[in-house]
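Can you keep this structure in mind? I'll have questions shortly.
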Amino acid sequence: MGSLYSEYATWLHRWPAGLKLLLLAVFGTLLFLIASPLLLAGCGVFCMMLWLSLGQATQIARRLMRSVIIAALLVAGFHVFMGNRELAAVSALRLICASTLGIALTITTRPSDLVEVLEWLLLPLAKLGIPTERVAMQIALMLRFTEHFFVQWKKLDDAYRLRTGKSGGLRLIAPLTIHMLQATRRVADALWARLGF
């Protein structure tokens with residue numbers, strides 16, 4: 001499966017996965033508690049500096065980031081059309097900042113490290129008889145398939161662009177859906193054969 005993890009070493013690669021997840025949770029919560037466009041603009045500057053500081057490591061996720069910015073502009077445009085410019089700025093800045101933090105975590109943290117952190121966080125539930133390994137596996141698979149979705153979309157778009165000279169756009173939905181269903185089936189078969197679930 002494709003991954004957005006970057007092998008280009010950065011300062012953020014050296015931070016423990018647990019600490020990065022904690023900071024993501026804290027800053028992500030603060031983003032949705034802040035209602036001031038001015039303060040959110042400051043957060044946007046911070047996120048832009050974070051993105052730039054990662055340098056070449058962000059290359060694998062630049063197209064994804066462009067998609068986020070386009071989505072944020074569309075959301076902002078809708079709110080402007082509805083006559084609420086302040087909400088337009090707040091919504092767009094929240095979306096861009098939260099996505100930047102999430103992508104920064106994804107490109108600088110190995111999936112296996114995230115799984116270990118999730119298993120540790122779920123340890124208290126094991127005392128209640130909950131199969132924490134399965135829960136951690138399900139969360140990890142959700143994260144991996146999200147990554148795989150964007151990686152595969154990029155591959156299909158690149159292939160279409162080579163053949164036609166233009167972006168695939170909505171034409172890629174059908175082949176992308178088929179590929180994701182096939183990948184899901186292969187993973188399910190592998191889990192059943194190796195782990196029994």
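Do we have any residue at all in region 102-120 that's surrounded by 17 or more Cβ atoms within 10 Å (Cβ to Cβ), more than 23 Å from S36 (Cβ to Cβ) and in contact with a Gly (Cβ under 9 Å, 6 or more places away or on another chain)?
yes
Would you pick out the residues in region 80-108 that are modelled with pLDDT of 90 or more and of a type in the set (S, T, Y)?
Once the filter is applied, which keeps residues that are modelled with pLDDT of 90 or more and of a type in the set (S, T, Y), region 80-108 yields S91, S99, T100, T108.
Further question on the same structure: Specify which of the listed residues (T177, T106, T100, T184) is in contact with a Cys (Cβ under 6 Å, 6 or more places away or on another chain) and either aliphatic (A, V, I, L, M) or closer than 23 Å to L4 by Cα (or both). Quick ask: steps written out before the conclusion?
On the way: T177 fails: in contact with a Cys (Cβ under 6 Å, 6 or more places away or on another chain); T106 fails: in contact with a Cys (Cβ under 6 Å, 6 or more places away or on another chain); T184 fails: in contact with a Cys (Cβ under 6 Å, 6 or more places away or on another chain).
Residue meeting the stated conditions: T100.
Quick one: which of A188, A193, A136 is in a helix (DSSP H, G or I) and surrounded by 13 or more Cβ atoms within 10 Å (Cβ to Cβ)? Spell out the reasoning first.
Working: A188 fails: surrounded by 13 or more Cβ atoms within 10 Å (Cβ to Cβ); A193 fails: surrounded by 13 or more Cβ atoms within 10 Å (Cβ to Cβ).
Criteria check complete, one pass: A136.
To continue, here is another question. Could we say that C47 is out of contact with any Ser or Thr (no Cβ under 7 Å at 6 or more places or on another chain) and in a helix (DSSP H, G or I) here?
Working: out of contact with any Ser or Thr (no Cβ under 7 Å at 6 or more places or on another chain): no; in a helix (DSSP H, G or I): yes.
The answer is no for C47.
For the structure I just gave you, tell me whether G44 is at pLDDT 90 or above and crowded, with 17+ Cβ neighbours inside 10 Å.
Numbers: at pLDDT 90 or above: yes; crowded, with 17+ Cβ neighbours inside 10 Å: yes.
Yes; evaluated as a whole, the condition is true for this residue.
While we're looking at this one, here's another question. Return the pair list, or none, for Cβ contacts closer than 6 Å from residues in region 88-113 that are charged (D, E, K, R) to residues that are open to solvent by less than 20 Å² (accessible area, probe 1.4 Å) and in a helix (DSSP H, G or I), at least 6 apart or on different chains.
R94/L31; D113/A17
Follow-up question, since we're still on this one. Tell me yes or no: at least one residue of region 154-170 is without any contact (Cβ under 8 Å) to a residue 24 or more places away in the chain, over 21 Å from I103 (Cα atoms), polar (S, T, N, Q) and not in a helix (DSSP H, G or I).
yes
The values are calculated or read from the model by the stated rules, or taken from the named source; none is laboratory data. It should be emphasised that the depicted structure is a prediction, and the values quoted were computed from it without experimental measurement. Cβ coordinates were reconstructed from backbone atoms using ideal geometry, including for glycine residues, and neighbour counts include every protein chain displayed. Each accessible area value is taken on the protein alone, full model and side chains, heavy atoms only, with ligands, DNA and RNA left out. Shrake-Rupley method; radii C 1.70, N 1.55, O 1.52, S 1.80 Å.
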